[in-house]
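Notes to accompany the following structure.
Read-outs throughout are calculated quantities, based only on the coordinates presented, and are distinct from any laboratory measurement. Note that this is a predicted model, so its numbers are computed, not measured. All Cβ positions, glycine included, derive from the backbone under ideal geometry; neighbour counts span all protein chains shown.
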Amino acid sequence: MPDLFTVHDAAKVRCFAPPAAIDALATPAGALRGRIAPNEVVFVGEPGTAAAIIATCSSSLASEGASAMVVDHTDGWTLFSLVGDGAEDVFARISMVPLPVASGDASFFMGRIGDVASKAFRRTGRIDFMTGMETSRHVREVLEHAGHAVGMHAVPTPDTNPIGAAR
Amino acid sequence: MSGLFKGRTWWKRTDLKKRYDVVIIGGGGHGCATAYYLAKNFGITNVAVLEKNYIGAGGTGRNTTIIRSNYRTPEGIRFYERSMELFRGLSQELDINMMLSKLGHFTLAHTDSSVRVQRERGETNRLLGVDSRLIGVEEIRELCPELNLSRDVAFPIQAALYHPPGSVLRHDAVVWGYATGAYHRGVELHQGVEVTGIRKDSTGKCVGVETNEGPIDAGVVISAVAGWTTSVCDMAGVRTPITNHPLQAFVTEPVKPMLHKILVSASLHVYVSQTDRGEFLIGSEIEPYTTFNLRSTFTFTQHSSANALDLVPQLARLKIMRQWTGYCDMTPDYSPIMGETGVENFYLDAGWGTWGFKATAVCGETMAQMAATQKTPDLIAPFRLSRFADEQLVPEKAAASVSH
Amino acid sequence: MTGIDFEGTQVPLQAGDTIAAALYRSGTRVFSRSFKYHRPRGLYCAAGDCPNCLVTVDGEVNVRACECAAKAGQKVSRQNAWPSADRDALSIIDKMHWALPVGFYYKAGIKPKFAWPMVEPFIRKMAGLGFVDHHDAPRHLVRVNHHPEVLVIGAGVAGLSAALAAAGAGKSVLVIDEKAPGHRVAVGETRAAIDRLVGEVTAHGAITTQWNTAATGIFEGPLVIAVDATREETLHVHPGAIVVAAGGREIHRVFRGNDLPGVMQARGAARLAGVHGLKLGERAVVWAEQPEALAHVETLQRAGVTVVAVVAPDGLDTSSVTVEVVRGEVTAANGKKRLASVVAGGRTIACDVLAIGSEIQGNEHLVRLSYDLPVVIAGDCTGRHHTLEEAAASGTSAGTAAAAGPALYAVEPVRPRTCGSDGYVCLCEDVSVKDIEVACKEGFDSAELLKRYTTVTMGPCQGRICADQLRAVAERVTPELAERVGAPTTLRPPTRPITLEQAVAGAAHHIERHTTLTSKHLSAGASMMWAGVWKRVEAYNGDVQGEYAAVRERVGVIDVGTLGKFLVGGKDATAFLERLYPMKIADLEAGRLRYGLLLEEGGVIIDDGTVCALGDGRYYITVTTSGAERLESWMLDWAEAWGHEVYVVNQTASLGAINVAGPQARAVLEKLTSDAVDRESFPYIRHRQITVAGVPCLAMRLGFVGELAYELHFPASQAERLWDAIIEAGKAFDIRPFGLMAQRLLRLEKGHIIVAQDTDFETTPWKVGMEWAVKLDKPDFVGKAALLRHQKRTDRELLVPWVMPAGTACPPEGTVITVNGALSGRVTSAWHSPTLGHPLGLAWVVNAHAKDGAAVNVGGTTATVRVGHAFYDPQGEKLRA
């Protein structure tokens, strides 16, 4: 029975820089890393950590000058988390994207989920994906309708470590 | 009724000659209609229609069979209205029942911008003598009680442009009627003959065609091949702004008559009507990509079904019987390209996108006149190829199709 | 209720019954009346291919009784007959056969002209096979995506063997079957083999199965769509490779009387007798053209019918059967509403069941859709009957090939067939051999033309029964055209029925986008309307006039969070924007902003908005609500084309935006911020970073609605807090939230255009009097070349402001404009201005009449064109306050 919760205020920081600089940019502790494009990476962290992530990344990319930008996108995307057995069954009902193989490290992938452009992470036992805040209501409805058939439960956002990437 | 029992010869095969006064490339509705009017109106019968497949294999056999004249521009309105006039008496003239079904046509407006457009169309139509008017929800309900007028949907219907003369008819009957009419007046119909080149003399004037059965001399060559226009124009060295997009449609299994109007929604990009055979015919907008691949897609089936169900939710459990695809030769302004091409004696009847079937009759009449008199008839002058370079477009997107 | 309600009578059920089986057992022999001639039809294929058993079940029309599981309480009725299928009054049409030859409808009703419109309503009423329930509404079915490495379609011996072979080669496999495996097969060797293989497949960890799941089409991808009616799911399968093992069926044999109830295909008869135990009649004849058919003799006998003869061709070894063998073929069937005898080998044999075990052909519909896709065919589906061993071998080889990555499938040419000289070729459309012969002679001399003229293959069977026979008859009549006539007609999906509802399952439809303030708006009584793909406030409690008045006289506040917003950076940001926009960007100092147009290459206006220079080479851009998504890729495409290092960050959703407008706007703001927002510190057309109610904002002074206004852009999560603070601070001034309707009126009084309402796909800045927005002295920008060309032309029409006298009714938008009865233009925006006291608006008008002072007719009232005069506050004093 998979669980569903949302993490509206997960920290989301987008870093833009030339590809080599992005390659070299370390993932802040406790954050998930999503390479969106050769010149863009997103770090998704626990709520409240955006400022720290921004500071770290800005400092790392300072040498790039105007060729780098670090942007707080926390308010722009909503994070949905499907946790537990059967998460894949829910996913199969909301997206045609083939899931990457599950492992301890998060695999990042992009595609249409819930009918909207999404950025997602797959790990053993859970699938997290982000969609635009403006369509979150719709995506929530899609999830609940799809999850109904496979016994999904909506649960409150966990108080601690909802992103679950802390080491 | 006597015609019922005699075996009728629709057309017979003949041998290809070496020369004709007029060669028409394309044995669809437009090509056969042009041949017919050449013979009937001008007594020009030394004409060959060259069709690489079978008669009506292209758009003529695949469209959603709607004829109407409620267009947006005066040029468009006059042109399509002339076609409607011709269609009204066509069954009698060609002695074939085209099963013209004058159901009445709704262009549904679901947004305030669409209401604006339909109002403008209605008034322009009436100014030019076409029966067409904007009606509100109550009148829509009276005329078409099957339509979903609930406010509890994503895009509630706000108004409709009502065009009572809007009709559907049996598309194959149109091309067969023109083909047999032309044949019995002495025109030759050649199926399985593919044009492979346009022949020119040293001055660049068109003098005939190359085919898979040898070269043919011609006084005048008309290209009426719709979706294959860019290929034929390549052969002639003529440039057009045409792009080819697939268009799909499907029919359901037949059921007892339920819908007695023709529904079109520009907001939902869908056409819905019910044929005399009882099948629901659902059409949509062109695919956004350009290709000659006519493979059916499921995304089309899905989206057009969803849109059709918004309008007529009772169709939910009807079975889709068959879907098909055709080509649309699209122009930037959604109006056709007719007449001179810059290559002397080579004329174009093209740019028919999703709006060609209803023009079959007027197209035949005017292209015949073009070929016979070598002067561009007034009715088609606005559709000249040179209008793009002159930036004198005839914008009909809102009225010609349900595209975004 | 333990049975089904069949036209008012209770019919008992046995376990495993289909509706057809239950009805047959209780004595039903006529299952439908044919579409055109209302001929009585009985069970024929019992496999879901022919139209003979289409019934209405619980309001759903055209259900195949032979495939539909019978359930207690179902309401079943036959179709297309009145008063009943047993005694159909319309069968008189069949007696009038001679008057209704093929294509008769094209040849009749032509003269007199009034005849057709009178006759047509009757023809329409007779069309169709069942009634649509007017209360039907779509349910929202689920779509499930699957990604097996190999998909096997068909769980017979070949299909199950293929699945095991593919899984054995290490692949993940999904097997689907349109029913339960073997459910059409009588108990015996084949059934046992299937059951054994199902056991192995179910036990295999790498194989998933889903039964009662019918594939309806194979598309590019590859993508296979399948419908599971029992779970109400539509499957979207995205396999690496596909094995089609969809089995075969007997060829439709055509002879006089071939459509009589009692004439069946042998596999269908064997299913009814062997699976459902039905005694099919008293005396049966089995026509065996190939060895498999002989095995059906015993199956029929075990269920109680006497097999009186086997008709077989000379070459067939019939030593396994003990009944009389008649050599030859069946050339006619006799009977009135039911089979009474057949003619074979020169004899007439009395019988009430004829089981035709003709040659097997593949169920090739999915196959013919598979061209150029990684598909392998296996078993009977390849086009001939397979023994058990052959089927297993075929499947194993196919599964192995699929696992290895098969070549793209090339459809083989269709094998030629023969057809009898009399009888019904097309059961769906009642087209006989004679009809096709006539059509050929009349000139319909190619397969497609024949199809369209005779309508063969266009009914519910979609050619399954009749397509080969159509070709065979045509080839016989016009052998010289064999290639053209005999060419297979185009095959199209769906290959099995799929309803609109099933096709729609899981499809995204009209997704609404909302700002984070929507619930606040709704609680305040807002009605929402579409603006592009967003829902925005139309008005609060319908009081557009009140909202308007608030903005003009006091202060109003509007949620403009739907505006497209982009942060643009990267080392080439300035050069990029300079080249993208028609106005100058490079000279914008930090803190300044510029309103501008976005043009495409033709010089046409595609959007408008503002550009704020943030300093340090970065910019903040706004565009209209409908523009953002499309413009993001448009901008990135240009950056790539020019080789610019540019980052375009779409902040449309991550930032909210609120506009506070009206003479008291500053007063409200000063209560919420300690930053300087006075005229000197913060002039018009500037932007500043200020903190309002504790929320950090980028504030802009713009003039869309013609009043002093501050537009605040801030992190979207702070929207409610900021909105509440503004409303609270504004109470002292009687602040009102306002929506789109009021906003449109306000901007119209300033003559501001709305892109796509006042402009169209050909609108250049020249046509709307916005030459000031274009700087032609820039070296290059998108649209420059086109604009230079346009400048040399006289525009056919121009967008101009107009006014009507006070006291006249405001014309609706879209009203056409005429001058002396001739078309001259159209109204794009119109409103009655409360402040100015008369109707005003914008319109497209032909050049000759687009002059200041020109009089034009708008829906019967005279309007005056006013070029060069703004309506409200012409000097813009209020904006600059």
| said: Show me, bin by bin at 10 Å from 0, the whole-percent P(r) of the protein assembly as shown based on Cα pairs. | reply: 1, 7, 14, 18, 19, 16, 12, 8, 3, 1, 0, 0
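For a quick check: sort C:Lys731, B:Lys200, B:Lys358 by the number of other beta carbons within 10 angstrom, fewest at the front. If you can, show how the numbers build up before the last one.
On the way: C:Lys731 9, B:Lys200 17, B:Lys358 26.
Ordered from fewest to most neighbouring Cβ atoms within 10 Å, C:Lys731, B:Lys200, B:Lys358 come out as C:Lys731, B:Lys200, B:Lys358.
At 0.692 mPa s and 37 °C, plugging the Kirkwood radius over alpha-carbon pairs of chain A into Stokes-Einstein gives what diffusion coefficient in µm²/s? All intermediate terms of the calculation are to be shown ahead of the outcome.
Working: Rh = 16.2 Å.
It comes out at roughly 203 µm²/s.
What average count of beta carbons from other chains do you get within 10 Å of the Cβ of residues in C:491-499? Intermediate results must be reported in sequence, preceding the final value.
Details: counts 2, 10, 10, 9, 0, 1, 6, 6, 9.
Whole-number average of other-chain Cβ neighbours for C:491-499 is 6.
Once the piece of chain linking C:Arg686 and C:Ser319 is laid out straight, how much longer is it, given 0.36 nm per residue of separation minus the C-alpha distance between them?
122.0 nm
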| field | Rounded to whole Hz, the Karplus (6.51, -1.76, 1.60) HN-Hα couplings of region C:624-640, x for glycine and proline | value | 5, 3, 6, x, 3, 4, 5, 5, 4, 5, 4, 5, 5, 4, 5, 4, 5
| note | Between C:Gln265 and residues 5 or more places away or on another chain, the pairs with built amide H atoms under 5 Å apart involve C:Cys45, C:Ile356
| field | Qualifying trypsin sites (Lys or Arg not before Pro) in region B:124-170, DSSP loop, other Cβ atoms within 10 Å at most 10 | value | B:Arg151
| field | In nm, spacing of pseudo-spin labels at C:Thr348 and C:Lys775 (7 Å Cα→C-beta vector) | value | 10.1 nm
| said: Students often get this wrong: which residues of region C:776-796 have the backbone nitrogen under 11 Å from the point 7 angstrom along Cα-to-C-beta of C:Ala641? | reply: C:781-784
| task | Pull out a ≥ b ≥ c, the square roots of the eigenvalues of the alpha-carbon gyration tensor of region C:564-651, then state rounded if a/c is under 1.5, prolate if not and a/b is larger than b/c, and oblate in the remaining case. | result | rounded
| remark: Calc'd 3J(HN,Hα), region C:423-433, phi into Karplus 6.51 cos²θ - 1.76 cosθ + 1.60 (θ = phi - 60°), Hz, glycine/Pro = x, comes to x, 8, 6, 10, 6, 5, 10, 6, 10, 9, 4
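Report the full-extension gain for the segment C:Val414 to C:Glu601: residue separation times 0.36 nm, less the Cα-Cα distance, to one decimal in nm.
Values: separation 187, 0.36 × 187 = 67.32 nm, distance 5.13 nm.
This chain segment gains 62.2 nm when fully extended.
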| field | Calculated FRET efficiency for the pair C:Lys434/B:Thr14, C-beta based, R₀ 22 Å, to 0.05 | value | 0.25
| query | Do any of C:Lys337/C:Lys434; B:Lys319/C:Lys337; B:Lys52/C:Lys36; B:Lys261/B:Lys358; B:Lys261/B:Lys319 go past 26 Å between their Cα atoms, and which? | reply | B:Lys319/C:Lys337; B:Lys52/C:Lys36
| query | Can you list the GluC sites (Glu not before Pro) in region C:239-296 that are in a DSSP coil and have 14 or fewer other beta carbons within 10 angstrom? | reply | C:Glu282
| region B:217-258 to region B:31-109: how many Å between their Cα centroids? | 15 Å
| note | In terms of the charge dipole of chain B, which places +1 on Lys and Arg and -1 on Asp and Glu at the beta carbon, the residue among B:Gln191, B:Gly166, B:Val153 farthest towards the positive end is B:Gln191
| message | Can you compute 3J(HN,Hα) from phi for each residue in region C:321-337, using the Karplus curve 6.51 cos²θ - 1.76 cosθ + 1.60 with θ = phi - 60°, rounded to whole Hz and x for Gly and Pro? | response | 9, 9, 7, 5, 10, 10, 7, x, 9, 7, 10, 7, 10, 10, x, 9, 10
| Three principal axis lengths of region A:11-72 [C-alpha, angstrom, descending] | 28, 19, 16
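So, R0 is 45 Å and r is the distance between the beta-carbons of C:Asp734 and C:Asp587; what FRET efficiency does that work out to, to 0.05?
Values: r = 42 Å, r/R0 = 0.93.
Efficiency, from the Cβ-Cβ distance: 0.60.
Would you tell me the mean number of C-beta atoms belonging to other protein chains that fall within 10 Å of each C-beta in C:808-815, as a whole number?
Values: counts 0, 0, 0, 1, 4, 7, 14, 4.
For this peptide, the per-residue mean of nearby foreign Cβ atoms is 4.
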| For region C:424-487, with only Lys/Arg (+1) and Asp/Glu (-1) charged at the beta-carbon, what is the dipole magnitude about the Cα centre, in debye rounded to 20? | 100 debye
| said: Give the average, rounded to an integer, of partner chain Cβ atoms located within 10 angstrom of each Cβ in B:11-24. | reply: 1
| query | Quick one: putting +1 on the C-beta of Lys and Arg, -1 on the C-beta of Asp and Glu, what dipole do you get for region B:1-116 around its Cα centre, in Debye to the nearest 20? | reply | 300 debye
| remark: Spelling it out for C:Ile606: with amide H atoms placed in the peptide plane at 1.01 Å from N, the residues 5 or more places away or on another chain with amide H under 5 Å from its amide H are C:Leu598, C:Leu599, C:Glu600
| What chymotrypsin sites (Phe, Trp or Tyr not before Pro) in region B:1-94 are in a loop by DSSP, with at most 15 other Cβ atoms within 10 Å of the Cβ? | B:Phe5
| task | Using the Cα centre as the reference, give the magnitude of the dipole from point charges on the C-beta atoms of the protein assembly as shown (Lys, Arg: +1; Asp, Glu: -1; all else neutral), rounded to the nearest 20 debye. | result | 2780 debye
| note | Stokes-Einstein D for chain C (20 °C, 1.002 mPa s, Kirkwood Rh from Cα pairs), in µm²/s, comes to 64 µm²/s
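Mind ordering C:860-869, C:50-59, B:187-196 by average Cβ neighbours within 10 Å, highest first? Kindly include the intermediate steps, with their values, before the conclusion.
Details: C:860-869: 14.8, C:50-59: 22.8, B:187-196: 20.6.
Per-residue mean Cβ counts within 10 Å order the peptides as C:50-59, B:187-196, C:860-869.
For a footprinting-style exposure proxy, rank B:Asp152, A:Asp9 by other Cβ within 10 Å, fewest first.
Working: B:Asp152 6, A:Asp9 17.
If I rank by nearby Cβ atoms, fewest first, I get B:Asp152, A:Asp9.
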| field | Over the protein assembly as shown: helical MRE at 222 nm, DSSP H runs n ≥ 4 each giving -39500 (n - 2.57), nearest 500 | value | -7000 deg cm²/dmol
